[in-house]
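Worksheet for the structure shown next.
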Amino acid sequence: MKSLMFLAMFSWTTVSWGFSPDCFFCLPWRQESLRPQVPEWPIEYVKIEKVDYERNSQTASFCKRPEDMVDTIVLHHSETPSTDTPERINELHLNRGTPADPWYMIAYSYVVNSPYSGAVSPRARVTEGRPLDLVGAHAGSNIFVPMDEDQKKMWEDGKITCGKEGGEFKVDSTMEKDGKIKANVTTIGLVVIGNYSPFSKTNPNGYSRKNPRYPTQQTQDMIARTSCQLQKRYPRMKYIKWHNYYHSTSCPGTIKEYIGRIKTLARKYGCEFQ
């Protein structure tokens with residue numbers, strides 16, 4: 001009798017839910033659990049803080065771009081003491097230009113504070129630098145890279161313009177040469193505060209050659225999380241490069257050795273970088 005009652009109840013359930021006894025995966029709750037869970041923006045793998053930077057707004061010119069123009073993240077180190085701050089990097093950059101060609105503000109779009117072993121450093125954090133819709137000053141002023149069809153259209157449509165605050169912004173034809181565009185236009189700079197290159201006369205804050213300095217696991221993870229967070233917002237950002245990929249420089253020091261590891265960590269957060 002109990003068996004008959006159970007069968008009757010089961011039969012009613014299969015009719016009302018619309019599945020057969022041998023179709024476990026047809027259960028409504030099971031179907032729901034199998035659906036891909038696509039998170040909506042904003043996706044926050046790391047908190048990105050904001051700073052109100054001083055700017056050379058009266059004298060310096062700068063260039064604007066659509067944010068979708070960017071496809072590459074370029075890694076740097078500041079080659080300064082780890083105790084420096086984003087504001088201090090901005091101050092250095094404000095003073096880096098010449099009277100005839102001053103820098104507008106900090107060259108990088110994102111700044112990572114992350115102490116290395118034995119160093120005294122401000123708390124670990126990621127800070128926004130130069131706004132993403134402004135062309136940076138980090139990959140090299142005369143380095144040109146290929147454009148894809150979308151980037152070519154943005155350029156041809158006059159979407160990249162240069163000027164000064166309060167003035168007229170115009171297309172600068174020197175940004176493009178032989179079908180290529182200046183690398184700063186399609187990249188953003190992500191700088192790790194600290195010095196990851198060996199000591200030299202021109203690099204007094206460098207490490208001793210007997211004691212190389214490497215980015216910590218925390219630093220690698222902060223770079224990976226920031227990069228992935230950006231890719232989720234801007235799917236065109238599919239590349240991670242390093243400063244001396246573009247021209248000869250000691251930057252970003254030993255951070256370059258960890259690019260593969262950083263990409264692997266980013267994959268853990270659901271991002272794929274080339």
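The values are calculated or read from the model by the stated rules, or taken from the named source; none is laboratory data. As the structure is a computational prediction, the values presented were derived from the model and not from experiment. All Cβ positions, glycine included, derive from the backbone under ideal geometry; neighbour counts span all protein chains shown.
Quick check on Tyr246: is it touching an Asp or Glu at 6+ places or on another chain (Cβ under 7 Å), within 23 Å of Ser78 (Cβ to Cβ) and among the aromatic types (Phe, Trp, Tyr)?
No, not satisfied.
Return a yes/no flag: does segment 28-46 have any residue that is at positive phi and modelled with pLDDT of 85 or more.
Checked against the condition, which is being at positive phi and modelled with pLDDT of 85 or more, segment 28-46 yields no hits at all.
Tally the residues that are assigned to a loop (DSSP other than H, G, I, E, B) and over 14 Å from Pro215 (Cβ atoms), restricting the search to segment 230-274.
16
For segment 236-252, give me the residue count where each residue is modelled with pLDDT under 95 and closer than 26 Å to Val46 by Cα.
0
Could you identify the single residue in Asn113, Asn90 that is at pLDDT 95 or above and surrounded by 15 or more Cβ atoms within 10 Å (Cβ to Cβ)?
Unique residue meeting the criteria: Asn90.
Run down Thr254, Thr249 and say which single residue is surrounded by 15 or more Cβ atoms within 10 Å (Cβ to Cβ), touching a residue at least 40 places away in the same chain (Cβ under 8 Å) and assigned by TED's automatic domain parsing to the domain that holds Trp103.
So the residue among Thr254, Thr249 that is surrounded by 15 or more Cβ atoms within 10 Å (Cβ to Cβ), touching a residue at least 40 places away in the same chain (Cβ under 8 Å) and assigned by TED's automatic domain parsing to the domain that holds Trp103 is Thr254.
Given the criterion in the same structural domain as Leu134 (by TED's automatic domain parsing), out of contact with any Phe, Trp or Tyr (no Cβ under 7 Å at 6 or more places or on another chain) and surrounded by 22 or more Cβ atoms within 10 Å (Cβ to Cβ), identify the matching residue among Val192, Val171.
Going through Val192, Val171 in turn, just one is in the same structural domain as Leu134 (by TED's automatic domain parsing), out of contact with any Phe, Trp or Tyr (no Cβ under 7 Å at 6 or more places or on another chain) and surrounded by 22 or more Cβ atoms within 10 Å (Cβ to Cβ): Val192.
Report whether or not Asn184 is over 27 Å from Ile143 (Cα atoms) and either within 22 Å of the chain's Cα centre (by Cα) or not in a strand (DSSP E or B) (or both).
Spelling it out, it is not the case that Asn184 is over 27 Å from Ile143 (Cα atoms) and either within 22 Å of the chain's Cα centre (by Cα) or not in a strand (DSSP E or B) (or both).
Could you grab me the full set of residues in segment 218-273 that are within 13 Å of the chain's Cα centre (by Cα) and basic (Lys, Arg)?
Matches in segment 218-273: Arg225, Lys232, Arg233, Arg236, Lys238, Lys241, Lys263.
Looking at (1) polar (S, T, N, Q); (2) outside any loop (DSSP other than H, G, I, E, B); (3) surrounded by fewer than 16 Cβ atoms within 10 Å (Cβ to Cβ), can you tell me which one Gln151 breaks?
All conditions are met except number (3).
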